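The values are calculated or read from the model by the stated rules, or taken from the named source; none is laboratory data. Here the structure is a predicted model, which is why all the values come from computation and not from measurement. Neighbour counts are summed over all protein chains in view; Cβ atoms, including those assigned to glycine, are modelled from backbone coordinates with ideal geometry.
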């Protein structure tokens, strides 16, 4: 019962799930593995309040995760055959359903929302590495290349407002917290309390800034 409560209360997508979907044809992608998007024509035939809702079944979540992982594997040539991909999908879905394995929270929250439902969301300042070119690119939206990582280690410069500095760190942390991840930071560059500043003043010290970060983190649900 506990596991059922956890997945229903924490990991079901709460909004934006279309009541009607259609497959997106992609060259070389098997039909069963094609991603889905809202079927706008079919949705218009439903009352407006019924067009988008939330996940209601654990099977949807298991399919969303296992299907997306398999889709990514297929797109990056991980499988020798379609049968291998089907086995990979089936084994993952079974392990999730029987609690033999479970990913981290950001995977439950974010993975597969674009693949299964066509959910995008505005760009949030993420970056990803293009698997074919090796080039670092800025994400066009929040979920095509989601944030599925559990933990991050960040650095921070001894600078108040510029990129990479103290106040910028709270923005970077907020981006991680929003999608369910955690973070730790190396504060060794920050001057201690009462150390001299270039403008002639004295540093208020790390602890005063950590209070800001603590309050900011606590405000993000």
Checklist entry - So residue 162 fits all but one of (1) surrounded by 12 or more Cβ atoms within 10 Å (Cβ to Cβ); (2) over 23 Å from the mean Cα position of the chain (by Cα); what number is the exception? => result (1)
Checklist outcome for this item: Taking region 121-138 and keeping only residues that are under 17 Å from residue 72 (Cβ atoms) and either surrounded by 14 or more Cβ atoms within 10 Å (Cβ to Cβ) or in contact with a helix residue (DSSP H, G or I) (Cβ under 6 Å, 6 or more places away or on another chain) (or both), one is left with 126, 128
Next on the checklist: Scan region 50-72 and tell me whether some residue there is touching a helix residue (DSSP H, G or I) at 6+ places or on another chain (Cβ under 8 Å), over 26 Å from residue 181 (Cα atoms) and part of a loop (DSSP other than H, G, I, E, B).
Outcome noted: yes
Checklist entry - If you go through region 164-183 one residue at a time, how many are part of a helix (DSSP H, G or I) and closer than 24 Å to residue 141 by Cβ? => result 10
Checklist entry - Is one or more of the residues making up region 79-101 within 16 Å of residue 143 (Cβ to Cβ) and at pLDDT 95 or above? => result no
Next on the checklist: Regarding region 31-39, can at least one residue be identified that is part of a loop (DSSP other than H, G, I, E, B), farther than 14 Å from residue 67 by Cβ and in the same structural domain as residue 81 (by TED's automatic domain parsing)?
Outcome noted: yes
Next on the checklist: Of everything in region 53-64, what is within 16 Å of the chain's Cα centre (by Cα) and farther than 11 Å from residue 97 by Cα? Give them in sequence order.
Outcome noted: 64
Checklist entry - Taking region 14-23 only, how many residues are in a loop (DSSP other than H, G, I, E, B) and without any contact (Cβ under 8 Å) to a residue 60 or more places away in the chain? => result 4
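If you scan region 184-221, which residues turn out to be part of a strand (DSSP E or B) and either within 15 Å of residue 172 (Cβ to Cβ) or not assigned by TED's automatic domain parsing to the domain that holds residue 170 (or both)?
If the condition is that a residue be part of a strand (DSSP E or B) and either within 15 Å of residue 172 (Cβ to Cβ) or not assigned by TED's automatic domain parsing to the domain that holds residue 170 (or both), then 184, 185, 186 are the ones that fit.
Only one of 149, 145, 114 is touching a strand residue (DSSP E or B) at 6+ places or on another chain (Cβ under 8 Å), assigned to a loop (DSSP other than H, G, I, E, B), surrounded by 13 or more Cβ atoms within 10 Å (Cβ to Cβ) and modelled with pLDDT of 95 or more; which?
Step by step, each of 149, 145, 114 is checked, and only 145 is touching a strand residue (DSSP E or B) at 6+ places or on another chain (Cβ under 8 Å), assigned to a loop (DSSP other than H, G, I, E, B), surrounded by 13 or more Cβ atoms within 10 Å (Cβ to Cβ) and modelled with pLDDT of 95 or more.
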Checklist entry - Since residue 94 meets every condition but one in (1) exposed (fewer than 15 other Cβ atoms within 10 Å of the Cβ); (2) assigned by TED's automatic domain parsing to the domain that holds residue 188; (3) not in a loop (DSSP other than H, G, I, E, B), which condition does it not meet? => result (2)
Checklist entry - Does region 171-190 contain any residue that is at negative phi, touching a residue at least 60 places away in the same chain (Cβ under 8 Å) and in contact with a strand residue (DSSP E or B) (Cβ under 7 Å, 6 or more places away or on another chain)? => result yes
Item to check | Condition met for residue 82 (surrounded by fewer than 17 Cβ atoms within 10 Å (Cβ to Cβ), assigned by TED's automatic domain parsing to the domain that holds residue 9 and more than 29 Å from residue 134 (Cβ to Cβ)) | outcome: no
